[in-house]
Amino acid sequence: MERREQLYEGKSKIIYATDNPDQVIQYFKDDASAFNGVKKGTIVDKGGINNAVSSKMFQYLETKGTKTHFVEQLNDREMLVKHLDIIPVEVVLRNVAAGSLCKRLGVKEGLEFPDPILEFFYKNDDLGDPMINECHIDIFKWATKDEVAQLKEQGLKINKLLFDFYRERKIRLVDFKLEFGRHNGEVLLGDEISPDGCRLWNWDTNEKMDKDRFRFDLGSVEEKYQEIYNLVCKD
Ligand code: UDP
């Protein structure tokens with residue numbers, strides 16, 4: 001397998017072609033951004049940590065019957081994945097109130113929900129990823145009704161699996177974002193599952209262990225990413 005030309009550069013990852021048109025390489029950068037790119041910075045070793053944590057999570061989810069784009073972790077920074085036609089809908093799962101939900105609905109951070117909340121956002125940086133519902137997805141043909149049903153079913157299933165995975169490690173999975181894409185007629189989980197796209201709190205103290213430390217200048221960003229890496233990858 002050979003790395004070829006760059007296909008796309010995002011805020012935290014670069015996608016490269018390979019000699020196999022069915023597969024691409026995700027390269028994980030140390031660059032961090034927040035508030036739709038307004039705040040920018042670097043988190044030392046973030047790329048390596050997010051690659052390792054995501055690889056572990058994808059392999060874990062595969063063992064539990066979730067279909068993902070993961071093929072193999074190639075090295076510290078690179079992951080070989082199936083080439084997806086990305087569905088432009090971000091699927092957010094929430095177990096505890098935080099972030100945009102608190103602002104939007106005036107709910108206090110930390111409120112635990114009796115059941116998970118699933119939300120859809122339109123993946124569009126220029127518009128700041130606005131919140132949407134199933135009518136928008138249907139009318140603007142971002143996904144079929146059958147695909148939306150799969151996003152909901154898979155999203156809820158993945159939430160349960162990840163919540164339990166992190167609870168065993170004394171971490172509370174507060175919320176997270178998933179992206180899916182099409183590959184040979186199947187809907188597969190794509191993107192990454194790392195502390196960049198999840199809110200993770202210490203189960204006992206509620207200390208934040210994720211990108212909120214960068215977003216809100218809470219300090220010890222590298223240390224907390226490293227702690228998550230140790231908990232997820234070194235057992
Ligand atoms: N999220 C993400 N990328 C986005 C938007 C959200 O990874 O473009 C993640 C975020 O890290 C959090 C969850 O999705 O774990 C819910 O985010 P929220 O809607 O609260 O938005 P935020 O407060 O991050 O702007």
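Every number here is computed from the coordinates shown, using simple stated rules; none is lab data. These numbers come from a predicted model, not from an experiment. Glycine gets a Cβ as well: all are built from the backbone with ideal geometry, and neighbour counts include every protein chain shown.
Taking the Cβ of residue 229 as the centre, find all other residues whose Cβ is under 13 Å away and add up their charges (Lys, Arg: +1; Asp, Glu: -1). After counting each charged neighbour, the total is -3.
Helix screen, the chain: DSSP H segments with Cα axial length of 20 Å or more and mean Kyte-Doolittle hydropathy at least -0.5 are 46-63. Scoring 184-195, 162-173 by mean Cβ neighbours within 10 Å over their residues and listing the highest first yields 184-195, 162-173. The spacing between segment 179-209 and segment 94-133, judged by their C-alpha centroids, is 14 Å. Taking packing as the residue-averaged number of other Cβ atoms within 10 angstrom, the listed peptides 152-161, 50-59 run from highest to lowest as 50-59, 152-161. Of 205, 61, 99, whose Cα points farthest to the positive end of the dipole of the chain (charges on the beta-carbon: +1 Lys, Arg; -1 Asp, Glu; origin at the Cα centre)? Farthest towards the positive pole: 205. Pairs over the 28 Å Cα-Cα cut-off, from the set 123/145; 56/82; 145/177; 46/141; 64/108; 170/211: 46/141; 64/108.
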